[in-house]
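Visitor: Structure incoming, see below.
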Amino acid sequence: MSAPNTPPSREYLKPPVTEVGVLGWLRTNLFNTWYNSLLTVSVMLILLQVVPPFFSWAFIDSVWNTPSEACRDIDGACWSVIPQNISFILFGFFPDGEQWRPGSAMLLLLGLVFYSKNSKHWKKSLGVYWLIGLVVMGTLMYGGVFGMQVVETAQWSGLPLTFMLSFFGMVAAYPLGVVLALGRQSRMPAIKTLCVVYIEMIRGVPLISLLFMSSIMFPLFLPEGVTIDKVLRAQVAIILFTAAYIAEVVRGGLQAMPRGQFEAADSLGLNYNQTMRLIILPQALKIVIPPSLGILLSAFKDTSLVVIIALYDVLKTTKVTLSNPKWTAYSTEAYIFLAVLYFICCYAMSSYSRKLEKTLHTGR
Amino acid sequence: MNETENQVETTPAGGLIIEVNSMHKWYGDFHVLSDINLQVKSQERIVICGPSGSGKSTLIRCINRLEEHQRGQIIVNGTELTNDIKNIEKVRAEVGMVFQHFNLFPHLTIVENLTLGPIWVRKTPKKEADEMAMMYLEKVHIAEQAEKFPGQLSGGQQQRVAIARSLCMKPQVMLFDEPTSALDPEMIKEVLDVMIDLAEEGMTMLVVTHEMGFAKSVADRVMFMDEGQVVEENNPHDFFDNPQHERTKLFLSQIL
């Protein structure tokens, strides 16, 4: 009876070479059946046809910062269209020489967003920073003090417009959507009906028609002499539109909550507000992070629809640039640039949402 | 609101804590509870048993208004349960409830689960609530898990946390709705031990359970329910050794 606690000795064998390492990976992922092998080979052939020409067009035969004349004699990409027009693409009709203002406002916004990403910073002071930040941003954009010339909102365009419409659209739509979702679950028939009607009406019309209504119909109902800023009207339309979609996603999260959670909260004597705020919403909103992100991403991209009410977002400023005969031929390059810009923003949002899901995961 | 103020006082031993007078409840057309009468004195331990669907869980859920009764009267700690939500919340704060499936809040740590009620309902300062939470966690032998999340604990541990969560509200009476039914056999004992400790300290308890050993050793009274009625009610000795009704005999023969 030697050492009764040690398990009987047993040999640990290595798995066969064909199952691990590079060879194993290739076998299991690329060549595990004859039709997958066929697919692998044909995809590789196609990539060989497409990638090298694109690479030499984009990077080898291309020019990066030249006048448009220099682009005529080359086979590659004329990336010059972007640096040569960058201030119009990014800032549109914002007066020349004042473009540091929207530039720094955007940097401030991005800085605040990045600061807020860290859950360690979610304290009361964060709200104060945001309040200060928003006032500074507003001052930078509108001007009128410290010797900055006044820039009407009609001249706000390009990237700042895109960022502002989408950022404030998301930030305001989310709480509104949550309220609508709670309202739709309400036991009070009036509130419930109101929320259902609102959600279904908004979801029943395209965003474009809401934008049209906000810019053409809505002013007709206002008393004479009263005007509401056009950017603000578009902003409100985007918020109202996004909120309806958020509401339905959040409702899904609320319905996924087990009844036991409500009962446990009730049996502690928590009231409705406390139950929702402390127990239900933190869990329900965590469940709906992935679908919410989908809605926020499309809200971000949908801001480009404001062109139809003559607001110049970054997509429209690019198009205007391309209407200049000197640059018309280089739309591919300009649109690739825009695509990359949009992609970076969307990718940042989705990778943050994945990180957030991980941070909030508590087992189970 | 004068009358509401003085109802929070501790009821002395032997005083009436729960009074249910000819109470009826329907689920739609289904008459689930019929003419229930029940008096619970302070420090009394009552076990309610009966076949599934007999309405025993519904009865104790009516006592903290998780279910609404349609006729009759339920008075808890001097407050009658009506549609008045303020009264309901007041009663709930005084009545602890332990569920079959624990119902801990999975997004909060164990200690946060315990302090939530004291902080938000009782307005206890956080530091004090934390200390009290740790005291009750020690009492249910689980203090070392305080910073974990419920999902990281075993079923038996979760149920003990759930008991501690109720205790943190310093309830006048505790309701147990089949507290061991969802547990693996080897975890039942650790939960029952905690409940026995509580009983010995004089907690008023209403327990729906199939643990007849617990009923024999702890209960002052055993109630047997079937088809929404209280069929038989007796001290555990007479209840188990000398059941009066055929239905009780049948039930006991099936589970013992």
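All of the numbers you see were taken from the coordinates with simple rules; none came from a lab. In this text, all values refer to a predicted model and were calculated from it rather than measured experimentally. As a convention, Cβ positions derive from the backbone with ideal geometry for all residues, glycine included, and neighbour counts pool all protein chains shown.
Visitor: Quick check: pseudo-label points 7 Å beyond the Cα along Cα→Cβ at A:Ala348 and B:Ser22, how many nm apart are they?
Guide: Between A:Ala348 and B:Ser22, the simple spin-label model gives 7.2 nm.
Visitor: Still on this structure, I have one more. Assign unit charges at the C-beta atoms only (+1 for Lys and Arg, -1 for Asp and Glu), then state the dipole size of segment A:254-364 relative to its Cα centre in Debye, rounded to the nearest 20.
Guide: With only Lys, Arg, Asp and Glu charged at Cβ, the dipole is about 200 debye.
Visitor: What are the residues whose amide H is under 5 Å from the amide H of B:Val98, where those residues sit 5 or more places off or on another chain and H is modelled from the backbone?
Guide: Long-range HN contacts for B:Val98: B:Leu175, B:Phe176, B:Asp177.
Visitor: Right, something else. Grab the other residues whose beta carbon is less than 14 angstrom from that of B:Ile188, score K and R as +1, D and E as -1, and report the net.
Guide: Its environment carries a net charge of -4.
Visitor: About its Cα centre, how strong a charge dipole does chain B have in debye, to the nearest 20, once Lys and Arg get +1 and Asp and Glu get -1 at the Cβ?
Guide: Taking the Cα centre of chain B as origin, the dipole is about 420 debye.
Visitor: Rounded to the nearest 5, what % of DSSP beta bridges with both residues in the protein assembly as shown are antiparallel?
Guide: Here the share of antiparallel DSSP bridges comes out near 50 percent.
Visitor: Is the C-alpha gyration tensor of segment B:92-208 telling us rounded, prolate or oblate? Criteria: a/c under 1.5 is rounded; beyond that, a/b larger than b/c is prolate, otherwise oblate.
Guide: Here segment B:92-208 falls in the oblate category.
Visitor: Once you mark the GluC sites (Glu not before Pro) that are in a DSSP loop and have at most 10 other Cβ atoms within 10 Å, what is the longest gap between them in chain A?
Guide: So the longest stretch without any such site is A:12-223.
Visitor: For chain A, what class follows from the C-alpha gyration tensor (a ≥ b ≥ c being the square roots of its eigenvalues): rounded when a/c is under 1.5, otherwise prolate if a/b is larger than b/c, else oblate?
Guide: Here chain A falls in the oblate category.
Visitor: Under 8 Å for C-alpha pairs, at least 6 residues apart: give me the relative contact order for chain B, rounded to a whole percent.
Guide: Normalised by residue count, the contact order of chain B is 25 percent.
Visitor: In percent, what relative contact order does segment A:1-126 have, based on Cα pairs under 8 Å that are 6 or more apart in sequence?
Guide: Relative contact order for segment A:1-126 comes out at 10 percent.
Visitor: Arrange A:Ile287, B:Ile74, B:Ile163 by Cβ neighbour counts within 10 Å, fewest through most, would you?
Guide: A:Ile287, B:Ile74, B:Ile163
Visitor: Loop only per DSSP, at most 10 neighbouring Cβ atoms within 10 Å: give me the trypsin sites (Lys or Arg not before Pro) in segment A:148-213, ordered by residue number.
Guide: Filter output for segment A:148-213: A:Arg187.
Visitor: At what distance in nm do the modelled label points of A:Val307 and A:Lys326 sit from each other, each positioned 7 Å from its Cα along Cα→Cβ?
Guide: Those two pseudo-labels are separated by 2.2 nm.
Visitor: Another question about this same structure. Is the shape of segment B:17-105 rounded, prolate or oblate, going by the alpha carbon gyration tensor and its root eigenvalues a ≥ b ≥ c, with a/c under 1.5 for rounded and a/b larger than b/c for prolate?
Guide: Here segment B:17-105 falls in the rounded category.
Visitor: Now for a separate question. Considering the dipole of segment A:245-320 built from charges on the beta carbon (Lys and Arg +1, Asp and Glu -1) around the Cα centre, which of A:Ala299, A:Ala264, A:Val320 is farthest to its positive end?
Guide: Projecting each Cα onto the dipole axis, the largest value belongs to A:Val320.
Visitor: Could you tell me which of A:Val340, A:Trp57, A:Leu134 has its Cα farthest along the dipole of chain A towards the positive end, charges placed at Cβ (Lys, Arg +1; Asp, Glu -1), taken about the Cα centre?
Guide: Among A:Val340, A:Trp57, A:Leu134, the one farthest towards the positive end of the dipole of chain A is A:Leu134.
Visitor: What ranking do A:Arg10, B:Arg61, A:Arg27 get, fewest neighbouring Cβ atoms within 10 angstrom at the top?
Guide: Going from sparsest to densest Cβ surroundings: A:Arg10, A:Arg27, B:Arg61.
Visitor: How high is the relative contact order of chain A? Use alpha-carbon pairs under 8 Å, at least six apart in sequence, and give a whole percent.
Guide: It comes to 18 percent, rounded to a whole number.
Visitor: In whole Hz, with x marking every Gly and Pro, tabulate ³J(HN,Hα) for segment A:31-44 from phi via Karplus 6.51 cos²θ - 1.76 cosθ + 1.60, θ = phi - 60°.
Guide: Result, ordered by residue: 10, 7, 9, 5, 6, 5, 4, 4, 4, 4, 5, 5, 4, 5 Hz.
Visitor: Amide H neighbours of B:Arg45 under 5 Å, at least 5 residues apart or on other chains, H built in the peptide plane: list them.
Guide: B:Met205, B:Asp220, B:Arg221
Visitor: Fewest Cβ neighbours within 10 Å first, please rank A:Leu360, B:Leu33, B:Leu137 accordingly.
Guide: Least crowded to most crowded, the residues run A:Leu360, B:Leu137, B:Leu33.
Visitor: Spin-label point model (7 Å from Cα, Cβ direction): what's the B:Gln244 to A:Thr139 distance in nm?
Guide: Label-label distance for B:Gln244 and A:Thr139, simple model: 8.4 nm.
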